[in-house]
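A short worksheet on the structure shown next.
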Amino acid sequence: MRVVDLDRDMSDVIPTGLTPDSEFLFDRMTKVTLDRTLAAPGQWILDVASGVGQDSIALAGRGARVVGAEPSGRMTGMAQLFAADKPGPMPDWVRGWSDRLPFAEGSFDACICKGAMDHFDAPEVAIAEMARVTRTRGRVVLAIANFESLACRVGRGLDDLRQDVLGLGPLRERRGYDAPSDHFTRYEPDLIREQAEKSLVVESVEGISMGWGMPGWSKWMARIPRPLADVAVRTLDQFGRQWPGLSDVIVLVGRPRRSESTSA
Ligand SMILES: C[S@@+](CC[C@H](N)C(=O)[O-])C[C@H]1O[C@@H](n2cnc3c(N)ncnc32)[C@H](O)[C@@H]1O
């Protein structure tokens, strides 16, 4: 039996009131992930674990022919609702698991999987499947939260200090550096690279944003004048690009490994 909640929706995930740091992180993660697909009119793109479909819809808006694959009927139902009132060509929605993608080898020019690998019970098989359904010179783009980010390290360090030295409780009930209960894997850059390299020739690993989730950071960002907050998050993003190991989100791009030995 698979351990996944097929009735899942995003009501517990999408923040209702966005602070400048959250807004920046989600926008930039989405932009970089979608840009790395090199989506263009006529290209076929697969969005694995497409959730409520916002990325599939955005890629279709760039002229690509998009398929969103998602096991949860509830998520796909929401995606169809979101797509219903949008102009232009919309994605096709397919019900499917990441580790058994219902497509022939080389069907897509690019494959993306954003914010979902840590929900998979067989992530390495999922990457192998993405590599299989992507054409030889195509690209697979994986975006995932980094649980060894600067923010996670600082949060953990402060809690250790409070508990071990001062004998106090943790700063927050849900510690940002612990993977949530619906995650199978606690990703950090070395792990995603190691898993990806089994099926992909890794072309780039980028860091997005830095400091998100640090104790008190969001509150502080919401309080200071907006232009100052914008400068702060952009500056930290530059640090994230420089040191992906400390960034909040990792975006990895790779080519299917079989392309090393073939010329197509
Ligand atoms: C946090 S959501 C991310 C959705 C979307 N990619 C986004 O960026 O908003 C994680 C998604 O993974 C899906 N999922 C969980 N296990 C899966 C699996 N084994 N194969 C494919 N999708 C899965 C869930 O149904 C959910 O829609």
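Key figures for this structure:
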| item | result |
| --- | --- |
| Residue list for the range 85-114, filter: open to solvent by 40 Å² or more (accessible area, probe 1.4 Å), within 9 Å of the ligand (Cβ to nearest atom) and under 24 Å from M29 (Cα atoms) | W97 |
| Among the residues listed as S50, S72, the single one being over 21 Å from D109 (Cβ atoms), near the ligand (Cβ under 9 Å from one of its atoms) and among the polar types (S, T, N, Q) | S72 |
| Identity of the residue in the range 164-193, farther than 13 Å from G213 by Cα and modelled with pLDDT under 75, that ends up most open to solvent (accessible area, probe 1.4 Å) | E173 |
| Residue within the range 1-15 that is at pLDDT below 95, β-branched (V, I, T) and more than 14 Å from the ligand (Cβ to nearest atom) present | no |
| Complete set of residues in the range 31-51 that are open to solvent by 10 Å² or more (accessible area, probe 1.4 Å) and either more than 16 Å from M117 (Cβ to Cβ) or among the charged types (D, E, K, R) (or both) | K31, D35, R36, L38, A39, A40, P41, G42, Q43, W44 |
| Any hit, the range 196-210, residues being in a loop (DSSP other than H, G, I, E, B) and on the phi > 0 side of the Ramachandran plot | yes |
| Subset of the range 137-163 (residues that are more than 16 Å from the ligand (Cβ to nearest atom), open to solvent by less than 20 Å² (accessible area, probe 1.4 Å) and in a strand (DSSP E or B)) | G138 |
| A39 being modelled with pLDDT of 95 or more, in contact with a strand residue (DSSP E or B) (Cβ under 9 Å, 6 or more places away or on another chain), under 19 Å from W97 (Cβ atoms) and among the hydrophobic types (A, V, I, L, M, F, W, C) | no |
| Residue tally, condition closer than 13 Å to L46 by Cα and either of a type in the set (K, R) or assigned to a helix (DSSP H, G or I) (or both), over the range 60-107 | 3 |
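The values are calculated or read from the model by the stated rules, or taken from the named source; none is laboratory data. Source: prediction; values computed, not measured. Counting neighbours? That spans all protein chains shown, and the Cβs are built from the backbone with ideal geometry, glycine included. Accessible surface areas use protein heavy atoms only, side chains included; no ligands, DNA or RNA. Shrake-Rupley method; radii C 1.70, N 1.55, O 1.52, S 1.80 Å.
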